[in-house]
1. Filter region 199-226 down to the residues that are assigned to a loop (DSSP other than H, G, I, E, B), among the polar types (S, T, N, Q) and surrounded by 10 or more Cβ atoms within 10 Å (Cβ to Cβ) and list them by number.
2. Just to verify a result, which residue in region 162-174, among those that are touching a residue at least 24 places away in the same chain (Cβ under 8 Å) and out of contact with any Pro (no Cβ under 7 Å at 6 or more places or on another chain), is surrounded by the fewest Cβ atoms within 10 Å (Cβ to Cβ)?
3. Would you confirm, using the coordinates I've provided, whether Val127 is surrounded by 15 or more Cβ atoms within 10 Å (Cβ to Cβ), in contact with an Asp or Glu (Cβ under 6 Å, 6 or more places away or on another chain) and either at positive phi or not small (Gly, Ala, Ser) (or both)?
4. Return the total of residues in region 64-95 being under 20 Å from Asp11 (Cβ atoms) and either among the basic types (Lys, Arg) or in contact with a Cys (Cβ under 9 Å, 6 or more places away or on another chain) (or both).
5. Could you go through region 150-162 and let me know if any residue there is closer than 27 Å to Ala10 by Cα, at pLDDT 95 or above and of a type outside the set (Gly, Ala, Ser).
6. Which residues, counting only those in region 10-36, are aliphatic (A, V, I, L, M), within 16 Å of Ile196 (Cα to Cα), free of Cβ contacts under 8 Å to residues at least 60 places away in the same chain and surrounded by fewer than 16 Cβ atoms within 10 Å (Cβ to Cβ)?
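The values are calculated or read from the model by the stated rules, or taken from the named source; none is laboratory data. Since the structure is predicted, the reported quantities are computational estimates derived from the model, not experimental observations. As a convention, Cβ positions derive from the backbone with ideal geometry for all residues, glycine included, and neighbour counts pool all protein chains shown.
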Amino acid sequence: MSLRLFLDCADPEVWARWLPTGLFHGVTTNPTLLLRANQPCQLPQLRELTLRALDLGCREIHLQAWGPDHPSLAACGHALAGLATSHDHAEVVVKLPLTLAGGAAARELIAAAIPVTFTACYEAAQVTIAAALGARYIAPYLGRICDQGRDGHAELITMQQMLPSLQPQLRLLVASLRQPSDISRLAAAGLDTFTINASLVEALFANGATAAAAAQFERDAAGKGS
């Protein structure tokens, strides 16, 4: 499988800056990100946001279903999945929590050929749930696992090592990344799917030595030398 980067953001102005660069396979959102971006977590607004993201070249937009139980989560998931029907080459991936209700909703949605991301993964054993149900992604929270005093990098590497024997098509969608070195460390161990916020994207480009070299090339191109 090839690298996939997702932009973890619900702000369409940020999408407009970064999606046209071609760096990102898609966008991940959740009710918390919607709240931060002053976007109502309501279907009409999510339809508008979905169409905006897809028009900017997003191939997958991950929208989180909400509801207190299996029937409401599944119904919300079906509604979310229908928001991208006008785009032939893009789709909504429904995010569900790794709860009993979320698992039951996932079974129903996956049976209807709706792709699912299980979110808020904190334990390697939870990967077996996503694999058994046939989810497309499972999102472990690297930074939050580390905040619990655990070695999040080692635990995510263990999760990745589980996939070939469980479900080779399942992807770990690494979330809660804090610094560029998180990506390089995990990529070296074979992880290839990451969701990152705009601040981290900026940090990936903010290398002083690279900026100095680029400035030197410009001076040399103009015949001005050092």
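1. Asn207 - this is the single residue of region 199-226 that is assigned to a loop (DSSP other than H, G, I, E, B), among the polar types (S, T, N, Q) and surrounded by 10 or more Cβ atoms within 10 Å (Cβ to Cβ).
2. Among residues in region 162-174 that are touching a residue at least 24 places away in the same chain (Cβ under 8 Å) and out of contact with any Pro (no Cβ under 7 Å at 6 or more places or on another chain), the one surrounded by the fewest Cβ atoms within 10 Å (Cβ to Cβ) is Gln169.
3. The answer is no for Val127.
4. 4
5. Our first condition is that a residue be closer than 27 Å to Ala10 by Cα; within region 150-162, this holds for 152-153, 156.
When the remaining residues are screened for being at pLDDT 95 or above, the result is 152-153, 156.
Of the ones still in play, those that are also of a type outside the set (Gly, Ala, Ser) are 153, 156.
Checked region 150-162: at least one residue is closer than 27 Å to Ala10 by Cα, at pLDDT 95 or above and of a type outside the set (Gly, Ala, Ser).
6. Passing the criteria: only Ala16.
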